[in-house]
Amino acid sequence: MKKQDEKDVELFSSILENEIKQVCSLLEDNKIPFVRKDYGSGSYMNLYYGQSLQEKKIFVNKKDYDKALEIVSSVFSSSISEDSN
């Protein structure tokens, strides 16, 4: 994981922790840097309850977007952010 900057674009979003972890793992396995961001009280709820119903998003650098999209869309198709490009 890396710090988010202005060149990052949204790749994936979900309220399901398992999906987010799976996408993060796919990106790590393919050595694609990413930023995971929890919204609202999501990060606190994950700490205390192990799950959150708040939205979570994954961002990648614009230069890595096409490769990341190809990798992630092979597993997920409905939660991919098509309008980020």
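Laboratory data are not the source of any read-out in this text; all were calculated from the coordinates shown. Because the structure is a prediction, the values reported are computed rather than measured. Every residue, glycine as well, gets a Cβ built from its backbone with ideal geometry; the counts of neighbours run over all protein chains shown.
Grab the other residues whose beta carbon is less than 12 angstrom from that of Asp38, score K and R as +1, D and E as -1, and report the net.
Counting the neighbours of Asp38, the net charge comes to +2.
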Checklist entry - Separation between the Glu70 and Ser25 pseudo-spin-labels, each 7 Å from Cα along Cα→Cβ, expressed in nm? => result 2.3
Item to check | Lys63 versus Tyr39: modelled label distance in nm, points set 7 Å from Cα along the beta carbon direction | outcome: 2.9
